[in-house]
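Quick note: the coordinates plus some simple rules give every number you see, no bench work behind them. Quick caveat: nothing in here was measured; it's all calculated off a predicted structure. We place every Cβ from the backbone using ideal geometry, glycine too, and count neighbours over all the protein chains shown.
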Amino acid sequence: MFFLNSPDVRSAEVFTRMPQKYRKPDVQTDWAVANRAGQSTDSFLEGPVWSQAGFLYVTDIPHGRIFRITRTGEWELVVEYDGEPNGMKLVDDSHLLITDYRNGLMLLNLERGDVRPYLERRNSERFRGVNDLTFDSAGNLYFTDQGQTGLHDPTGRVYRLSPAGKLDMLLGNCPSPNGLVLSPDEKVLYVAMTRGNCVWRVPLQADGSVSKVGQYFTSYGPSGPDGLTIDAEGRLFIANPGLGRVWGLNHRAEPVVVLTSPGGASLTNLCFGGADMKTLFMTESVSGTVLVAQMDVAGVLPKQGKPRL
């Protein structure tokens, strides 16, 4: 790839690692059989969410766990349940909405530490395997239904759920839709297509429809773009597992920042946080590590939803 200007390339730093007492090296799971070829998977971190109370929340997909991490890197198990939690977003200070690969959308009450179904099916049909989610300022929820789709079966979906409960399918031809994020003005939805090794740009029309969806960024390697986040200048940040990279793109989709992992290539997801929202947190899933990098522009604070609690 050729770029007009050289990107800022640097290594992320280790913030914290999952303590040994929480690791499960001897527990085999259906998720690990299907998604990691049966390899021993003591944890697989995903779904980082920064809370303004000063905590970072992460999921552990195969073992159905949600963790709370303090500013100093100390871990606390919030809940362990029969599910496969992936992406998360705060609804308010007391609730996290979770995309659960096995169960659909689930709602976690942080004060009580219990999880209940929020949206399990669409028109009596189960989802293929929901992956990630984001809210807009009106409380609409956008989420991906990835399942095992890919170039061999490009039938993954992207949905929008209104606060009133109306569910619209925006895209139905996706090769492994994964992370997604809105532009700061909410006129564009970016969606990572992991097995297509690219990110799609989805213009949102005034009537809520989509039009002229295009391929915005193309990556390479054994996997593809996964989690997404965005900063206040509209720079898109892409976690790229397989490469152990985070791409930070300008408005022309040129990498202007490239972050590398100091250990492990499975950089799956990321979010901005910290007191000034300039700390980029990243999950290195296989090693159970959270990485950090300090950025010069603050991230966009994710919108909170208006779901039926």
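With bins 10 Å wide starting at 0, give me the P(r) of region 200-306 over every alpha carbon pair, in whole percents.
Percent of pairs per bin, in order: 14, 43, 32, 10, 0.
Arrange 14, 91 by Cβ neighbour counts within 10 Å, fewest through most, would you?
Working: 14 16, 91 21.
Going from least to most buried by this count: 14, 91.
In what sequence do 66, 230 fall when counting other Cβ within 10 Å, fewest first?
Working: 66 25, 230 22.
The order, fewest Cβ neighbours first, is 230, 66.
Only one of the listed values, (i) 42; (ii) 27; (iii) 35, was derived from the coordinates as percent of Cα pairs over 29 Å apart; which label is it?
Here the calculated entry is (ii).
With a cut-off of at most 10 other beta carbons within 10 Å, and DSSP calling the residue loop, which trypsin sites (Lys or Arg not before Pro) in region 100-146 qualify? Please list them. The partial results should precede the final answer.
Details: sites: 102, 112, 121, 122, 126, 128; in loops: 102, 112, 128.
Within region 100-146, the qualifying trypsin sites (Lys or Arg not before Pro) (loop, at most 10 other Cβ atoms within 10 Å) are 112.
Give the calculated FRET efficiency between residue 233 and residue 173 to the nearest 0.05, with a Förster radius of 35 Å applied to their Cβ-Cβ distance. Before the final figure, lay out each step's value.
Numbers: r = 31 Å, r/R0 = 0.88.
Computed FRET efficiency for residue 233 and residue 173 comes out at 0.70.
In what order do 251, 63 fall by count of nearby beta-carbon atoms within 10 Å, going from fewest to most?
Working: 251 11, 63 22.
The order, fewest Cβ neighbours first, is 251, 63.
Can you list the GluC sites (Glu not before Pro) in region 103-156 that are in a DSSP coil and have 10 or fewer other beta carbons within 10 angstrom? Let's see the in-between values first.
Numbers: sites: 111, 120, 125; in loops: 111, 120.
Passing both the DSSP loop test and the Cβ count: 111.
Given 166/212; 212/278; 24/306; 166/187; 24/303; 21/278, which pairs have Cα atoms separated by over 28 Å?
Over 28 Å apart, Cα to Cα: 212/278; 24/306; 24/303; 21/278.
Can you pull out the trypsin sites (Lys or Arg not before Pro) in region 181-259 that DSSP calls coil and that have at most 14 other Cβ atoms within 10 Å?
On the way: sites: 187, 195, 201, 212, 235, 245, 252; in loops: 187, 195, 212, 235, 252.
Of the trypsin sites (Lys or Arg not before Pro), the ones in loops of region 181-259 whose Cβ has at most 14 other Cβ atoms within 10 Å are 187, 212, 252.
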